[in-house]
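The values are calculated or read from the model by the stated rules, or taken from the named source; none is laboratory data. None of these values were measured; they are calculated from a predicted model. In this analysis, Cβ positions are derived from the backbone assuming ideal geometry, glycine residues included, and neighbour counts consider all displayed protein chains. SASA here: full protein model, heavy atoms, side chains in, ligands and nucleic acids out. Shrake-Rupley method; radii C 1.70, N 1.55, O 1.52, S 1.80 Å.
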Amino acid sequence: MKSRTVLTGITTTGTPHLGNYVGAIKPCIAASHDEDVQSYYFLADYHALVKNQDPERMRRSTLEIAATWLALGLDTERAVFYRQSDVPEIQELTWILSCSTAKGLMNRAHAYKAAVQENIDAGEDPDYAITMGLFGYPVLMAADILMFNSTHVPVGRDQVQHLEMARDIAQRFNHHYGELFALPEAVVDEHVAVLPGRDGRKMSKSYDNTIPLWLPEKQLRKAILRVVTNSLEPGEPKNPDDSALYAIYAAFATPQQRTEMRQAYADGIAWGEAKQLTFELIDRELGPARSRYAALMAEPARIEEVLLDGARKARAWATPFLARIRNAVGIRRLS
Ligand code: TRP
């Protein structure tokens, strides 16, 4: 028995960017090599459906994200890597949990509240364009987590409330039907820097400031050249701690490289040169994976096979566990 069960989901909206890589993909792949951990990583396509109703974009994003994780070296022998929609037990559990989850708990979800507030501010009906999918999103996420008795769930800060809700949902269920679920804990890594985007704000699709992970070399260089800097001239000392460019560099650098670069900033390195060094560092790290990514993208059937294999492993646990859950709530054979 492994001492920890780590699980996290990746919503399949959009194209992976450097922020996703540094903040989630890289640490998760590193953890997948840890002997002591059972890890589950999955493509949350049913979560993506809440935001993305463009079928071609759905398919494309699922393919790109799966290819990304595989190209970067996820150990699929050790980690269970699957697509949420290939594990129907999760949907069934979602309904079962929905039936003991207070509507009031969902009313308090930040994402839902923000959507309502936006409507009110715009003078719209508070429910305008709010789907049941958006409202019930945290229950589906709780089902993802509880289905595998996850103990540790690495997430961004914006997801911490969803983890608290998953614990609430698990506790209420356990209290009523008996101890079936482990209580999961959010793992928010303080050391993993929040990567700034080209404009210095957090790199995020919603700010439109991302640098895609798989840009060809030339375009990656151009993108780094466009990161905003201030107007200090070569020779003038620069402060790494208020520089988006330095933060991006630091996310890819070893401690020693960081120390050296800080010194270079203090010594007045030209922005152009700092950008070139930043580009080279990132390109060196991503270069080999970039060709593996291209090869995988050209062979979706291979990726499909890997995902189906992952789903088989996930279901080997989920099917009997769901049978116990159904039994616990009284959905049973009559004879
Ligand atoms: N909601 C998460 C996000 O937007 C993705 C997600 C779905 C997830 N299910 C999960 C994360 C279960 C952790 C565990 O980032």
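Summary of computed values
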quantity	calculated
Residues being outside any loop (DSSP other than H, G, I, E, B) and touching a helix residue (DSSP H, G or I) at 6+ places or on another chain (Cβ under 8 Å) - total across the range 252-265	7
Qualifying position, being β-branched (Val, Ile, Thr), open to solvent by 50 Å² or more (accessible area, probe 1.4 Å), on the phi < 0 side of the Ramachandran plot and outside any helix (DSSP H, G or I), among Val153, Val194	Val194
Tally of residues being free of Cβ contacts under 8 Å to residues at least 60 places away in the same chain, surrounded by 20 or more Cβ atoms within 10 Å (Cβ to Cβ) and of a type outside the set (A, V, I, L, M) across the range 248-264	1
Odd one out for Glu89, checked against (1) at pLDDT 95 or above; (2) within 11 Å of the ligand (Cβ to nearest atom)	(2)
Tyr265 vs. criteria among the aromatic types (Phe, Trp, Tyr) and over 29 Å from the mean Cα position of the chain (by Cα)	yes
Leu213, sole failed condition from (1) more than 14 Å from the ligand (Cβ to nearest atom); (2) open to solvent by 30 Å² or more (accessible area, probe 1.4 Å)	(2)
Scan of the range 1-24 for residues that are open to solvent by 10 Å² or more (accessible area, probe 1.4 Å), within 11 Å of the chain's Cα centre (by Cα) and within 13 Å of the ligand (Cβ to nearest atom), ordered by number	Thr8, Gly9, Ile10, Thr11, Thr13, Gly19, Asn20, Gly23, Ala24
Residue identified as assigned to a loop (DSSP other than H, G, I, E, B), of a type outside the set (Lys, Arg) and either in contact with a His (Cβ under 7 Å, 6 or more places away or on another chain) or open to solvent by 30 Å² or more (accessible area, probe 1.4 Å) (or both) among Leu308, Leu334	Leu334
Residue in the range 154-172 that is in contact with a Cys (Cβ under 8 Å, 6 or more places away or on another chain) and within 22 Å of Tyr21 (Cβ to Cβ) present	yes
Residues of the range 197-230 that turn out to be in a helix (DSSP H, G or I), basic (Lys, Arg) and in contact (Cβ under 8 Å) with a residue 24 or more places away in the chain, as a count	2
Looking only at the range 59-74, and only at residues there that are open to solvent by less than 40 Å² (accessible area, probe 1.4 Å) and more than 16 Å from the chain's Cα centre (by Cα), the one that is farthest from Pro16 (Cα to Cα)	Gly73
Pair list, Cβ < 7 Å and 6+ apart or interchain, from the range 84-106 residues that are under 18 Å from Ala323 (Cβ atoms) to residues that are within 13 Å of the ligand (Cβ to nearest atom) and charged (D, E, K, R)	Ile90/Asp144
Any hit, the range 119-131, residues being surrounded by fewer than 21 Cβ atoms within 10 Å (Cβ to Cβ), touching a residue at least 40 places away in the same chain (Cβ under 8 Å) and within 16 Å of the ligand (Cβ to nearest atom)	yes
